[in-house]
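Single-structure report; data block below.
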Amino acid sequence: MALAVSGLAPHVAHAQSLNADAELEDLIPDSAIADPESWALDTLAAQAPEDIGPDPDTPMTDDPLFTIDWPEDDLVIAIEPLEEDPALTEALSAGAPRPAQDIALPEMARDNRGANANGQVSDELAKQITLRYPSEFAKFEKKDEFEQRFRDLSDIVQLADKDDNLAQLTNRAQADQELLETLLSAYGFYDGEVTQRVSTPPPGEGSGEAGAVMASDARFTFTIDPGPQFTFGAIDLGKLAQVGADYDVLRAAFGIQSGDPVYEDAIVFERIDLDVALGENGYAFAEVGAADLLVDHARDQADLNLPVEPGGKYVFGSVISSMPKFLSGKHLGEIARFDAGEVYKESDVEDLRRAILATGLISTLAIQPREVKAPANGEPGIVDIDVDLTKAPLRTIAGSVGYASTDGIRTEVSWEHRNFFPPEGLLRVRAIAGTQEQLLGATVRRNNWRGRDKVLSLDVFANTIDRDAYEARTISAIAKFERLSTLIYQKEVSYSIGVELVATQEREGTLGGETGPRETYFVAALPGSVLLDQSDSLLDPTKGWRLEAWASPEVSANEGVTSTYARTFLEGRYYQPFSDSIVLAGRAKLGMIQGAALGSIAPSRRFYAGGGGSVRGYGYQQIGPKDDLGEPTGGRALSELSLEARVRTGMFDGALSVVPFIDAGAVDTTTTPRLRDLQFGAGVGVRYHTSFGPLRIDLATPLNRRPGDGRIAVYVALGQAF
């Protein structure tokens, strides 16, 4: 029994004055003060018998209100004296208040490891919470997880900032005690018990005004007696054994065996694993019911019953579309990553759902397997995949207006219809009007053409460009087939191949100090690329590498002279994590143009460097050879190097990163990179990580600035720089 003593002291009785007022004198005369015992007896003798009450020795008469028989004469009532509490006796004898509220449970001596003399261990989990448990429980393999879950769910911890009184805090302590008992059961300690105690500092030593004891001064100790940890007894998985040859695979997916310690969380997770395994091995209509756990305290075991109805095994049939003229079942079958006759997999159905949504053509979508042939004679059944969909808005008009100190004003507007040529045939018309660029063009694009993430496109446009490096009036047609890596399905290998036809009139900015004449070039090219990707993310990689090779054999006719050359580059990127919050990223790119002199190559087909995707700190195309007026002329060899550290700050729930970086680049007139005359740029950026990739802002400055180079450059984009 615990008893809180707030303050007891002997009291001295003070007598009434002999000169009291008349009213008080009538009630208590002076004779009562002089001889109280005689006054009391005289007063009692003067009263009538009916005023005094019945004689205590007179037996009680029968009364109809009493329905219980009077006890027998030989009834003996024994009253045991209360066991003396030494602490209470000491407090009363001292006539002073106890300083704290933990009299019944005095603190026991502890060694320097937090263990009590009787083998108990104490852990201070929070400012106001200490857990005490036997040393055997300290060896429990999931003790740290147990404590963390309690800390995350504790009312005392989670509501610590509330300005509440001690009574409210005590209610939370009661809730935490019940929480601990629930957690013990979740880890198989079904006979566990939890007691709690609160202690406060002595009056005058609290944290309140004038030493008042506040609710925040209270300290709660929860003592845990876990008892034995129960183990799994019998395990009944319903009709799982009826799957035959697949039983071993499916039973292995449910990772609980008889004799394992009981973890109720494990039942939930293993039930999900079994359900997934059934769906991945052909059981399209399998059902796994709710688990039933029967706890037997007599043998410290719990028997588990999990009703499993596997149903039959199936293979894929056809994909059936509810809108065949909009997105046909044949086209959806080409998008799917399964073929008819393959064993049914729930993950393949989910992948198809994500791929259909990614087309941007659908507003609502439902996919269900439907039995068209039942399993029989040991052969699997067949399920068709019904796709019920509705159209999304298909037309979009978009526009943008911008200004940059290096590019001037730029306005762009576009119109597109995303299913102009069903299925997934896009038509886009776009126009650009700006200080340095004007363009009018149209694009036809067939997505998922003859397979998933395979794209066939034709882009036709006419544009004019007026930059420091060159002026160009161009008509181009580019046809391309490519296999893309996407956010849904990041591929280890992606590629593209195309045909490019160009008719262009161009002139360099100056030639010998004078504006050069326009020259006409007709160019035919076969560009192609291959990308090997071993990184862990398309937009925000943290480990791995990428290697891309690009080549474009070209034939150019200029003023009756035909030149043949090849433009190529090789680019590698590497990502190395050094901790959970730091990633070092590096990039190297080398490019070459071989087979023709620089003057035979149209200025728009040469290599340039500088800008946000190249060497930060320098203007677009501003690195490399320049004419006598300081305008870039381009070159036949390219070198670019970048190194940056991506450091997560923990700010905004870990969404903000700081990225110091350094870039270097050079453009040479030779046919091979020489890594000479490198221009260096350095700076710092920030990244705000979102669900669709990081938003990037970089601030950079040239380290070996030349005349005409700006001091500061700012770049804003989506995704990492490389």
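Annotations for the structure displayed:
- Any chance residue 224 is farther than 25 Å from residue 258 by Cα and either assigned by TED's automatic domain parsing to the domain that holds residue 292 or surrounded by 15 or more Cβ atoms within 10 Å (Cβ to Cβ) (or both): yes
- Remark: residue 169 falls outside the filter, which requires a residue to be under 23 Å from residue 261 (Cβ atoms) and in a helix (DSSP H, G or I).
- Strands (runs of 3 or more DSSP E) enclosed by segment 217-308 - at least 1 residues per element that are β-branched (Val, Ile, Thr): 219-225, 231-236, 292-296
- Residue 267 being surrounded by 15 or more Cβ atoms within 10 Å (Cβ to Cβ), at negative phi and at pLDDT 95 or above: yes
- For segment 512-529, a residue qualifies if it is exposed (fewer than 15 other Cβ atoms within 10 Å of the Cβ) and either modelled with pLDDT of 95 or more or assigned to a strand (DSSP E or B) (or both), and the qualifying residues are 514, 520, 522, 524, 526.
- The condition of being over 27 Å from residue 715 (Cα atoms), surrounded by fewer than 20 Cβ atoms within 10 Å (Cβ to Cβ), at pLDDT below 95 and of a type in the set (A, V, I, L, M, F, W, C) holds for only one of 597, 566, that being 597.
- With respect to (1) of a type in the set (D, E, K, R); (2) surrounded by fewer than 16 Cβ atoms within 10 Å (Cβ to Cβ); (3) modelled with pLDDT of 95 or more, the lone exception for residue 536 is condition (3).
- For segment 627-647, filtered to residues that are of a type in the set (A, V, I, L, M) and within 39 Å of the chain's Cα centre (by Cα), the residue that is farthest from residue 720 (Cα to Cα) is 641.
- Summed over segment 381-403, residues that are at pLDDT 95 or above and over 35 Å from the mean Cα position of the chain (by Cα) total 4.
- Test for residue 402: is it assigned to a loop (DSSP other than H, G, I, E, B), within 30 Å of residue 442 (Cα to Cα) and not assigned by TED's automatic domain parsing to the domain that holds residue 692: no
- Check on residue 657, of a type in the set (Ser, Thr, Tyr) and more than 30 Å from residue 472 (Cβ to Cβ): yes
- Given (1) in a helix (DSSP H, G or I); (2) out of contact with any helix residue (DSSP H, G or I) (no Cβ under 6 Å at 6 or more places or on another chain); (3) modelled with pLDDT of 85 or more; (4) not β-branched (Val, Ile, Thr), index of the condition residue 141 fails: (1)
- Number of positions in segment 309-345 that are part of a loop (DSSP other than H, G, I, E, B) and either in contact (Cβ under 8 Å) with a residue 40 or more places away in the chain or among the charged types (D, E, K, R) (or both): 15
The values are calculated or read from the model by the stated rules, or taken from the named source; none is laboratory data. Given the structure is predicted, the values throughout are model-derived calculations rather than measurements. Every residue, glycine among them, receives a Cβ derived from its backbone with ideal geometry; neighbour counts consider all protein chains shown.
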